[in-house]
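Below is a structure I'd like to ask you about.
Laboratory data are not the source of any read-out in this text; all were calculated from the coordinates shown. Note that the coordinates shown come from a computational prediction; the quantities given were computed from them, not determined experimentally. Using ideal geometry, Cβ is built from the backbone for each residue, glycine included, and neighbour counts are taken over all protein chains shown.
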């Protein structure tokens, strides 16, 4: 997963294109500056899917996928995967809340884009 990432984001305004342009551009320039590199980090355009949060539980499935993909793909060191059974959803008490993914951390993005 070195050339892409998964992200679940709620947009209060229809400005996802501007937000993704800012996010990807800022991340790429800071990454390149930090590692003394240049050029693109990600290939192609981002893929956006609309997820309706009402009803059938698809939003929870998407959030679980975003949160747990690094565990399933074994991208974490083994010590961080120790709770893999719980993290993989085998424990009914281990519920993921999509809101905890970026609780408040996207405020800067919203202020910049709006």
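Can you give the convex hull volume of the alpha carbon atoms of region 6-48 per residue, in Å³?
Numbers: hull volume 3.6 nm³, N = 43.
In region 6-48, the Cα convex hull volume per residue is 83 Å³.
Please compute the modelled spin-label separation between residue 35 and residue 22, points set 7 Å along Cα→Cβ, answer in nm with one decimal.
Between residue 22 and residue 35, the label points sit 2.5 nm apart.
Could you check the simple spin-label distance between residue 43 and residue 11, using points 7 Å along Cα→Cβ, in nm with one decimal?
Rounded to a tenth, the inter-label distance reads 2.6 nm.
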